[in-house]
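A short reminder: the numbers here are calculations on the coordinates, not readings from a lab. If you're wondering where the values come from, they're calculated on a predicted model, not measured in any experiment. All Cβ positions, even for glycine, are placed from backbone atoms using ideal geometry, and neighbour counts span all protein chains on display.
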């Protein structure tokens, strides 16, 4: 499955899989980084936009700095380089440069929502196949109960582990969508939304 996903990502414009693998050190780490990058685009783009519109260029520079690093890890060199230039402008107090390039930067960043949407289709293709063993009602309820408990404790690693384990089972379309939504919310630490999503599931 990982090799198939790497093949798919190799055809995505604006991504260098070779660079990403070099920075991340392994295929598994690269895939984890790129999924985290993808599922956090909307929230992080909004955070950057909000900081810009408030004129809070200290926060703006911090958020752009973080994006510079994550962009490099997935091989998005053009985005990483522009983030670096904006970070340097922020540190130097060159607000005019930020104002001249912010819209272009956000447009490039949010373009990855479409570019990386293959991650959704790839995940659904794998989940919709006949692979995987059936899950009993008791096992599914236990998984939901464990997820609820982990969400209450804000235990990121435990939730990630449970979601990873559940992928080995054949799920109904509704349960599969729930698990996929939880994964996306987890990236942005949306604890309350995760809890609401699981309301009544156990």
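Answer with yes or no whether residue 13 is surrounded by fewer than 18 Cβ atoms within 10 Å (Cβ to Cβ) and in a helix (DSSP H, G or I). No: the conditions fail for residue 13.
Which of the residues spanning the range 156-179 are outside any helix (DSSP H, G or I) and surrounded by fewer than 14 Cβ atoms within 10 Å (Cβ to Cβ)? It would help to see each step written out before you state the result.
Taking the range 156-179 as the starting set, the residues that turn out to be outside any helix (DSSP H, G or I) are 167-172.
Within the range 156-179, 168, 172 qualify.
All of 189, 182 fail the test of being assigned to a helix (DSSP H, G or I) and within 26 Å of residue 44 (Cα to Cα), apart from 182.
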